[in-house]
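Below is one structure, written out as structure tokens, with a few remarks after it.
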Amino acid sequence: MEQSDERLLDFDKDRLADWNPERAQEALRGDDAAIYRNHLAIAQWIDGWAERLEEDSPLASEAAYQNGYINGIREIAAHLRQTDLLPEGVLLEGN
């Protein structure tokens, strides 16, 4: 099911190190708009996954590992949302 751009952009921007709303809007209008919308949908799914992981109560010895894992997958979601992984994105430049 396709979601509106407003819904895809409905997330906590304060968690992102390099959020730029103008860059996001440009990406939604550009040649890679379909890819960016897909990235935003993937990031939403990652957020849900992270929330489900946080709800599980790990053993104390596993808590540090689980917190690091959750932070790692949230970092991936952030890069997807910041346009970093689009074909011309900062993480893929020169590839």
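Taken together, the values in this text are just the output of simple stated rules run on the coordinates, not laboratory data. Computed from a predicted model, the values in this text were never measured in an experiment. Backbone-built Cβ (ideal geometry, glycine too); neighbour counts: all protein chains shown.
What does the charge count near Asn38 come to, summing +1 for each Lys or Arg and -1 for each Asp or Glu among other residues with Cβ under 13 Å from its Cβ?
Summing Lys/Arg as +1 and Asp/Glu as -1 gives -1.
Separation between the Glu54 and Arg74 pseudo-spin-labels, each 7 Å from Cα along Cα→Cβ, expressed in nm?
It works out to 0.6 nm between the two label points.
Mind ranking 83-93, 46-56 by how tightly packed they are, going by the mean number of other C-beta atoms within 10 angstrom, highest first? Present the calculation step by step, with values, prior to reporting the outcome.
Details: 83-93: 14.8, 46-56: 12.5.
The packing order, highest mean first, is 83-93, 46-56.
With only Lys, Arg, Asp and Glu charged, each at its Cβ (+1 for the first two, -1 for the last two), find how big the charge dipole of the chain is about the Cα centre; round to the nearest 20 debye. The partial results should precede the final answer.
On the way: 9 positive and 21 negative charges, 9 e Å.
Rounded to the nearest 20 debye, it is 40 debye.
Given a Förster distance of 41 angstrom, what is the FRET efficiency for Asn67 paired with Arg29, based on the Cβ-Cβ distance and rounded to 0.05?
On the way: r = 37 Å, r/R0 = 0.91.
Efficiency for this residue pair is about 0.65.
Could you work out the relative contact order of the chain? I mean the mean sequence separation of Cα pairs under 8 Å and 6+ apart, divided by the number of residues, in percent.
Values: 68 pairs, mean separation 32.6, N = 95.
Relative contact order for the chain comes out at 34 percent.
Could you give the nm distance between label points at Glu88 and Gln3, where each point is 7 Å from its Cα heading toward the beta carbon?
Output for this residue pair reads 2.5 nm.
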